[in-house]
1. I need Ile74, Ile17 ordered by Cβ neighbour count within 10 Å, fewest first.
2. Please provide three numbers in whole Å: the alpha-carbon extents of segment 1-132 along the principal axes, with the largest listed first.
3. Please state the relative contact order of the chain as a whole percent: Cα pairs under 8 Å, 6+ residues apart?
4. Just want the ordering: Thr7, Thr69, from fewest to most Cβ atoms lying within 10 Å of their own Cβ.
5. Which order results if Lys97, Lys3 are arranged by neighbouring Cβ count within 10 Å, fewest first?
Amino acid sequence: MTKLEWTEAHRIGVPAIDEDHQRILRTVDAFIESSMERKSTSHPVEHLLELMRCAYYHFRLEERLMQQTGFPDIARHAVKHDELFESLLGYFRGYLKFGTCDAVEVGDFLTHWFAEHLLDADQAYKAHFHAHGIR
């Protein structure tokens, strides 16, 4: 699993969204780190729960701004949010059921999702938000 790094390419230019994205990135990295270190002071599931919390509120923020500005692709973007949240919930349910989760699988999923979603899906609304004065 590779730790993620925030770059200017991730920046949306809306402070609340960029701060959320950075918080999500730090939480994904904390999950990866706690999964790999035997002497970690935190458990990976703690970071998974925090990620679910952050994602839930962040997705609502994005969708609210999309609705307020009439973003034309809101439905498809919201479906991507729902799919991600369901995946996170599935990993958490697996942990509850089996007392463990495949940290490598989860870490790889999160790393791929973060990179793909931020560099593709979220960039799609960047110009729209800016055109509507959201910065």
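1. Listed from fewest to most nearby Cβ atoms, that is Ile74, Ile17.
2. Sorted largest first, the three principal extents are 48, 29, 19 Å.
3. Values: 107 pairs, mean separation 47.2, N = 135.
Contact order relative to length: 35 percent.
4. Values: Thr7 9, Thr69 16.
Fewest-to-most Cβ neighbours within 10 Å comes out as Thr7, Thr69.
5. Ordered by Cβ neighbours within 10 Å, fewest first: Lys97, Lys3.
Readers should treat all values here as calculations from the given coordinates under stated rules, not as data from a laboratory. The structure displayed is predicted, hence computed values, not measured ones. All Cβ positions, glycine included, derive from the backbone under ideal geometry; neighbour counts span all protein chains shown.
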